[in-house]
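Here the structure comes first, spelled out in structure tokens, and everything after it is commentary.
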Amino acid sequence: MKYLVKARLIAGSEAGPLHNGHIKVRLFDRDFFEDEYLGEAHPNQEGIVQFEVTASDMNRGVLEDKRPDFFFVVYKNNEVVFQSKVMENIDLHSVEHYEKGKGEVIDLGSFLIDT
């Protein structure tokens, strides 16, 4: 099964969408031994960043039925400017919703980023 994981980034100094061309975001699943890299994306004009993730991407850890512990890191010019808190034990079935043309969507919410 595929999921679309998304978040909205808001530029703190401008109170608008963060969509500078020098911004990239990496999504991870926190694991006991080593955090799993799930992908990299750039925010669109609305400040929304999206990652396509499969169930097998999130189940490479020790426990096959574990719930993902998502966090993401925002880079500007390859330097870390923000790291989200770890969103632990996400119950995908309770937070996902279906969007026509996109499939199952997990919305992590909006984040104020000072760059």
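Throughout, read-outs are computed from the coordinates displayed, never taken from laboratory work. For clarity, every value in this text was computed on a predicted model and none was experimentally measured.
Amide H contacts of Gly12: Ile113, Asp114, Thr115, each under 5 Å away and 5 or more positions distant or on a separate chain (H built 1.01 Å from N in the peptide plane; Pro and chain starts excluded).
Between the amide H of Leu38 and those of Leu27, Phe28, Asp29, distances stay under 5 Å, these residues lying 5 or more places away or on another chain, with hydrogens modeled in the peptide plane.
Each residue of the range 32-39 was assigned a 3J(HN,Hα) from its phi angle through the Karplus expression (A = 6.51, B = -1.76, C = 1.60, θ = phi - 60°), giving 4, 8, 7, 5, 9, 6, 10, x Hz with x at Gly and Pro.
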